[in-house]
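> Okay, here's the structure, questions in a sec.
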Amino acid sequence: MLPKVSIIVPIYNVEKYLDRCMQSLLGQTLKEIEIIMVDDESPDGCPQMCDDYAKRDKRIKVIHKQNGGLGYARNSGLDVAVGEYVAFVDSDDFVETTMFDVMYNKAQTEQADIVYCNHSIYYSETGQVKETIKPFDHDVTFRGNDVVDEVLKNMVASSPEERTDRKYYMSVWRGLFKRGIVNGLRFLSEREFLSEDILYQASALQKALAVTIVRDRFYYYRENEASLTHRYRQDRIQKSFALYEKLKSTLTPVICRNKVEWNERLLKLLYGYFRFSMYSNIKASSSKDIAQLREDFISCSNYLTRAAFYDTYPLGLMPAKQRLILFLFRHKLFFAFYVLTKIMK
């Protein structure tokens, strides 16, 4: 009998976190699963841990591959997955043991191609858990055009007047995907684009006929100070613009429904990534990085001009704080932005 869910776990340098992740998966109340552990040439003890787990449970498959990054590791898992649905769990995170039981049964009841859950943030340093904001307090199913017009659009970005960057989180680890709709879809590399997840979601959601969002918080995302999010990365700005351009082309079939609104959402995504990238780099930087940070900031301003942000976006609808930050970008007032970010720290 084929498994109901194939769970793909990319693994790289997570030796001290892997056991907790795997125990949460092996303890699933849904027993008809396969767990695909993809060792992305991890330099620690993870390769041996993968092999040891496979000896202990026949539901586990192990792939050892040359290092290629998170997106390509997920693709290697997709190549061998045989479950009715597929899911993705990052190897430093963990989940509730009822996660796939509830989500699979909801998919069956609603005849949903994709089911999303909510998540919590787990802080490694303290062990504290922070509950993220849920868009709904009840389970909701979207069908037909609403899948793109409500779910996908609000996953790309929220409307101009909203303070949050998006209504729905874009990470694929929140989702359970019917294998039939993701056959042939592949992740692009996070080494080229700042987010490979939204690009994958943009393709998957265009194929889905029904999407359910359950109210439960099943997934625990580990906030880890050693992660890439907390490091200075000079490539963030260029990768953000590359993401914007690639996403725009990926969404070409649906943009024609409402070009003005989709353009607004894409521009908000770009602006949001620039803000995030500059905040992250400044907070992770030292004084020796200031000259490069200033160049990055000016690049953001120039990219926004290139994307016609200042000319086409409804600036008057933006919340006051976002308008202030945009003013700094537009007039290339880097040091004011730098000081403001440091104060916010």
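The values are calculated or read from the model by the stated rules, or taken from the named source; none is laboratory data. Computed from a predicted structure; not experimentally measured. A quick note on method: Cβ atoms are made from the backbone with ideal geometry, for glycine too, and the neighbour counts reach across all protein chains shown. Surface areas here come from the heavy atoms of the whole protein model, side chains and all, with no ligands, DNA or RNA. Shrake-Rupley method; radii C 1.70, N 1.55, O 1.52, S 1.80 Å.
> Given the stretch 134-229, what strands (runs of 3 or more DSSP E) lie entirely inside it while holding 2 or more residues that are open to solvent by 10 Å² or more (accessible area, probe 1.4 Å)? Write out each step before concluding.
Details: elements: 140-143, 175-178, 210-223.
So the answer is 140-143, 210-223.
> A further question follows. Kindly establish whether residue 265 is open to solvent by 20 Å² or more (accessible area, probe 1.4 Å) and either of a type outside the set (Asp, Glu) or at pLDDT below 95 (or both).
Details: open to solvent by 20 Å² or more (accessible area, probe 1.4 Å): no; either of a type outside the set (Asp, Glu) or at pLDDT below 95 (or both): yes.
So residue 265 does not fit the description; no.
> Return the residues of the stretch 316-341 that are assigned to a helix (DSSP H, G or I), open to solvent by 70 Å² or more (accessible area, probe 1.4 Å), more than 20 Å from residue 163 (Cβ to Cβ) and not aliphatic (A, V, I, L, M); say none if nothing qualifies.
Across the stretch 316-341, the qualifying residue is only 335.
> Quick one: in the stretch 11-35, of everything that is of a type in the set (A, V, I, L, M, F, W, C) and in contact with a Leu (Cβ under 9 Å, 6 or more places away or on another chain), which residue is nearest to residue 99 (Cα to Cα)? So that I can check it myself, show each step before the final result.
At the first step, the residues of the stretch 11-35 found to be of a type in the set (A, V, I, L, M, F, W, C) are 11, 14, 18, 21-22, 25-26, 30, 33, 35.
Those left that are additionally in contact with a Leu (Cβ under 9 Å, 6 or more places away or on another chain): 11, 33, 35.
Details: 11: 20, 33: 12, 35: 14 Å.
Step by step, filter the stretch 11-35, then rank; the result is 33.
> Further, regarding this structure: Name the residue, out of 178, 130, that is among the basic types (Lys, Arg) and touching a helix residue (DSSP H, G or I) at 6+ places or on another chain (Cβ under 8 Å). Walk me through how you get there before you give the answer.
Numbers: 130 fails: touching a helix residue (DSSP H, G or I) at 6+ places or on another chain (Cβ under 8 Å).
The conditions single out 178.
> Being small (Gly, Ala, Ser) and more than 25 Å from residue 153 (Cα to Cα) is the filter here, so list the residues in the stretch 281-304 that pass it. Write out each step before concluding.
Residues of the stretch 281-304 small (Gly, Ala, Ser): 284-287, 291, 299, 301.
Across the stretch 281-304, the qualifying residues are 284, 285, 286, 287, 291, 299.
> Same structure again: In the stretch 306-315, what count of residues is obtained for those that are under 20 Å from residue 239 (Cβ atoms) and either of a type in the set (A, V, I, L, M) or open to solvent by less than 80 Å² (accessible area, probe 1.4 Å) (or both)?
Selection size over the stretch 306-315: 2.
> Being over 18 Å from the mean Cα position of the chain (by Cα) and either hydrophobic (A, V, I, L, M, F, W, C) or within 21 Å of residue 141 (Cα to Cα) (or both) is the filter here, so list the residues in the stretch 71-81 that pass it. If you could, list the steps in order and put the result at the bottom.
Keep residues of the stretch 71-81 that are over 18 Å from the mean Cα position of the chain (by Cα), which gives 76, 79-81.
Scanning the stretch 71-81 gives 80, 81.
> Take the conditions assigned to a loop (DSSP other than H, G, I, E, B), among the hydroxyl-bearing types (Ser, Thr, Tyr), at pLDDT 95 or above and buried (at least 18 other Cβ atoms within 10 Å of the Cβ) and apply them to residue 76. Does it pass?
Values: assigned to a loop (DSSP other than H, G, I, E, B): no; among the hydroxyl-bearing types (Ser, Thr, Tyr): yes; at pLDDT 95 or above: yes; buried (at least 18 other Cβ atoms within 10 Å of the Cβ): yes.
The answer is no for residue 76.
> Evaluate the following for residue 198: is it modelled with pLDDT of 95 or more, under 14 Å from the mean Cα position of the chain (by Cα) and not small (Gly, Ala, Ser)? Can you show your working first?
Working: modelled with pLDDT of 95 or more: yes; under 14 Å from the mean Cα position of the chain (by Cα): yes; not small (Gly, Ala, Ser): yes.
Answer is yes for this residue.
> Within the stretch 268-305, can you find the residues that are small (Gly, Ala, Ser) and open to solvent by 30 Å² or more (accessible area, probe 1.4 Å)? Full working, then the answer.
The initial filter retains those residues of the stretch 268-305 that are small (Gly, Ala, Ser), namely 272, 277, 280, 284-287, 291, 299, 301.
Answer for the stretch 268-305, where residues must be small (Gly, Ala, Ser) and open to solvent by 30 Å² or more (accessible area, probe 1.4 Å): 284, 286, 287, 291, 299.
> Also, quick follow-up: Condition first: in contact (Cβ under 8 Å) with a residue 40 or more places away in the chain, part of a loop (DSSP other than H, G, I, E, B) and either crowded, with 19+ Cβ neighbours inside 10 Å or touching a Lys or Arg at 6+ places or on another chain (Cβ under 9 Å) (or both). Now tell me which residues in the stretch 13-52 satisfy that.
14, 28, 30
> Which residue pairs have Cβ atoms under 9 Å apart, sit 6 or more places apart or on different chains, and have a first residue in the stretch 185-210 that is more than 22 Å from residue 68 (Cα to Cα) and a second that is of a type in the set (Lys, Arg) and open to solvent by 30 Å² or more (accessible area, probe 1.4 Å)?
Within 9 Å, the pairs are 208/178; 209/143; 210/143.
> Out of the stretch 189-213, which residues are aliphatic (A, V, I, L, M) and more than 15 Å from residue 251 (Cα to Cα)?
First, the residues of the stretch 189-213 that are aliphatic (A, V, I, L, M): 194, 198-199, 202, 204-205, 208-211, 213.
Hits for the stretch 189-213 are 194, 209, 210, 211, 213.
> Read through the list (1) assigned to a helix (DSSP H, G or I); (2) open to solvent by 40 Å² or more (accessible area, probe 1.4 Å), then give the number of the only condition that residue 257 fails.
Result: residue 257 fails condition (1) only.
> If you scan the stretch 82-119, which residues turn out to be over 15 Å from residue 141 (Cβ atoms), open to solvent by 10 Å² or more (accessible area, probe 1.4 Å), hydrophobic (A, V, I, L, M, F, W, C) and in contact with an Asp or Glu (Cβ under 9 Å, 6 or more places away or on another chain)?
82
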